[in-house]
Amino acid sequence: MLTSSQLANYARVLFWGLETARTEPYQPGDIILIRTDLEAMALAEAVHEQCMRRGLNPVIRVNPNPTIELNFFTLGVDEQIEFRTPGDQELFSSLNGLISLIAPSSLTHLKDVDPAKNAKLTVAKKYLREIIDQREMQGSFGWTLCVMPTAALAEQAGLSMEEYTKQIVKAAHLDAEDPVARWQETFDEAVGVKEWINGLDAVSYRVKSENTDLVVGPGEMRRWIGVSGHNIPSFELFLSPDWRETEGVYYADQPSFRSGNLIRGVRLTFEKGEVVEVTAEEGESFVRKQLAMDEGARRLGEFSLTDRRFSRIDTFMANTLFDENFGGDFGNCHVAVGSSYADTYAGDQAALTKEKKKELGFNDSALHWDLVNTEPKTVTARLRDGSEMVIYENGEFRKS
């Protein structure tokens, strides 16, 4: 487990992330939702203290434990799964910030639940995400999240609790003398890379590895963002492409857990922007059901690259937050099928209406599922003048 000083550092880093992720500064009286798993309660206490000292109004929501969650899906009928809790819409419409503390007691308790039920819940809760997405675009909302070590995570990652905890401490810079200053250094370093890649005027990116050959079109009015405080840790740079310009094959060599299911070796073939062929070495039926969640679930919502020089994560962690930021020997590329991120729009966020998003090819879906490739790879940008340049190789961005 984390020491008291590490918990205090974690809370400080989370507030750095929350403040960095929002365009407007926080003011006394702002409402912050602290959403926590039971095993992260020690960190929730430290975060709550930070809120109180800043004059903020924290609201605590504890996530259901595995038994409650399993009962919900196995006993719940459609009306119960789609039930809207009174007050949720009012709360989310007033939120100024959200800090999510992830500490699962089990990763496999939902493995026998029909994925269609889980998908139904995701779709039913989409209205809440749309509320905070809109508030974020207006500059009145920011969010961040993190992971606490648990026995369930360590077991599924094949690590001891001590090893798992050390990975979190290392990745989140909790061992630094001043972890907030260390994160600010990482942020500043990433700014230079983002300025460079956003200045290239690329019309497509081609990712090639042993098992991947994928072309992604960024579309119009896009920008690369990342290392923005939204996730602790976060080392990735990403954009939400024009989903209509995706062609080729993508392979996720890194396993992932989703809704209690272990998924390995997902291979997706895209034609004219949509998945037309799906295979998986493990969990293929589950993958197919996820991609059938809604119309946008078979389309690309995110394209991301992580520079291994930024990331201190060098092992599988059985959690997407860490695994999508994997550094290792060759960095990583990951894509997300499903919803896009409006903040990758290069124009005025407040002017990005649903109609404008559709026109520009921003994907809309209740699903957002990150699939990670850690193979050695080359990413080549085709520029508007017809020339090509390698922008990423051997796990590193190649600034020229």
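Give the stretch 273-294 a look and list any residue that's surrounded by 14 or more Cβ atoms within 10 Å (Cβ to Cβ) and in a strand (DSSP E or B), or say none. Within the stretch 273-294, Glu274, Val275, Val278 qualify.
Scanning the stretch 60-80 for residues that are touching a Lys or Arg at 6+ places or on another chain (Cβ under 9 Å) and over 23 Å from Thr320 (Cβ atoms), we see that the one that is modelled with the highest pLDDT is Ile60. Give me the pairs: first residue in the stretch 181-196 and on the phi < 0 side of the Ramachandran plot, second residue in a helix (DSSP H, G or I) and of a type in the set (A, V, I, L, M), beta-carbon distance under 8 Å, and six or more apart or on different chains, which are they? Correct list of pairs: Trp183/Val13. Any chance the stretch 333-340 includes a residue that's in a helix (DSSP H, G or I) and either touching a strand residue (DSSP E or B) at 6+ places or on another chain (Cβ under 8 Å) or of a type outside the set (A, V, I, L, M, F, W, C) (or both)? Scanning the stretch 333-340 turns up no residue that is in a helix (DSSP H, G or I) and either touching a strand residue (DSSP E or B) at 6+ places or on another chain (Cβ under 8 Å) or of a type outside the set (A, V, I, L, M, F, W, C) (or both).
Residues of the stretch 191-227 that are surrounded by fewer than 19 Cβ atoms within 10 Å (Cβ to Cβ) and under 15 Å from Thr20 (Cα atoms): Val191 alone. Candidates are the residues of the stretch 66-93 that are in a helix (DSSP H, G or I) and among the aromatic types (Phe, Trp, Tyr); the one that is surrounded by the fewest Cβ atoms within 10 Å (Cβ to Cβ) is Phe72. A single member of Val379, Val372 is in a strand (DSSP E or B), touching a Phe, Trp or Tyr at 6+ places or on another chain (Cβ under 6 Å), within 16 Å of Asp307 (Cα to Cα) and of a type outside the set (Asp, Glu), and it is Val379. Mind checking which residues of the stretch 11-60 are among the β-branched types (Val, Ile, Thr), more than 22 Å from Arg182 (Cα to Cα) and either in contact with an Asp or Glu (Cβ under 9 Å, 6 or more places away or on another chain) or in contact (Cβ under 8 Å) with a residue 60 or more places away in the chain (or both)? Within the stretch 11-60, Ile31, Ile32, Ile34, Thr36 qualify. Going by the structure shown, is Ala181 hydrophobic (A, V, I, L, M, F, W, C), over 18 Å from the mean Cα position of the chain (by Cα) and over 28 Å from Lys357 (Cα atoms)? Yes; evaluated as a whole, the condition is true for this residue.
Looking only at residues in the stretch 146-166 that are touching an Asp or Glu at 6+ places or on another chain (Cβ under 8 Å) and over 18 Å from Gly17 (Cα atoms), the one that is surrounded by the fewest Cβ atoms within 10 Å (Cβ to Cβ) is Ala154. Within the stretch 213-266, the set of residues being in a loop (DSSP other than H, G, I, E, B), of a type in the set (D, E, K, R) and within 14 Å of Ala342 (Cα to Cα) comprises Glu220, Arg223, Asp242.
Would you be able to tell me the number of residues in the stretch 268-291 that are touching a Lys or Arg at 6+ places or on another chain (Cβ under 8 Å) and either under 20 Å from Asp364 (Cβ atoms) or among the small types (Gly, Ala, Ser) (or both)? Count: 8.
Within the stretch 181-203, is even one residue touching a Ser or Thr at 6+ places or on another chain (Cβ under 6 Å) and within 16 Å of Gly273 (Cα to Cα)? No, the stretch 181-203 contains no residue that is touching a Ser or Thr at 6+ places or on another chain (Cβ under 6 Å) and within 16 Å of Gly273 (Cα to Cα). Say whether the condition of being touching a residue at least 60 places away in the same chain (Cβ under 8 Å), closer than 29 Å to Glu163 by Cβ and either loosely packed, with under 15 Cβ neighbours inside 10 Å or out of contact with any strand residue (DSSP E or B) (no Cβ under 9 Å at 6 or more places or on another chain) (or both) is met by at least one residue in the stretch 375-388. Scanning the stretch 375-388, I find at least one residue that is touching a residue at least 60 places away in the same chain (Cβ under 8 Å), closer than 29 Å to Glu163 by Cβ and either loosely packed, with under 15 Cβ neighbours inside 10 Å or out of contact with any strand residue (DSSP E or B) (no Cβ under 9 Å at 6 or more places or on another chain) (or both), so the answer is yes. Checking the stated criteria, Ala8 turns out to be part of a helix (DSSP H, G or I), surrounded by 15 or more Cβ atoms within 10 Å (Cβ to Cβ) and without any contact (Cβ under 8 Å) to a residue 60 or more places away in the chain. Residues that are acidic (Asp, Glu) and not in a loop (DSSP other than H, G, I, E, B) were ranked within the stretch 355-369; the one that is surrounded by the most Cβ atoms within 10 Å (Cβ to Cβ) is Glu359.
Of all the criteria given as (1) of a type in the set (D, E, K, R); (2) more than 24 Å from Thr306 (Cα to Cα); (3) in a loop (DSSP other than H, G, I, E, B), the one not satisfied by Lys399 is (2).
In the stretch 112-124, of all residues being surrounded by fewer than 16 Cβ atoms within 10 Å (Cβ to Cβ) and not hydrophobic (A, V, I, L, M, F, W, C), the one that is farthest from Leu352 (Cα to Cα) corresponds to Asp112. When every residue of the stretch 37-60 is checked against the conditions, none turns out to be of a type in the set (Asp, Glu), over 30 Å from Met1 (Cβ atoms) and crowded, with 17+ Cβ neighbours inside 10 Å.
The values are calculated or read from the model by the stated rules, or taken from the named source; none is laboratory data. Remember, predicted model here, so these are calculated numbers, not experimental data. Cβ: placed from backbone, ideal geometry, glycine included. Neighbour counts: every protein chain shown.
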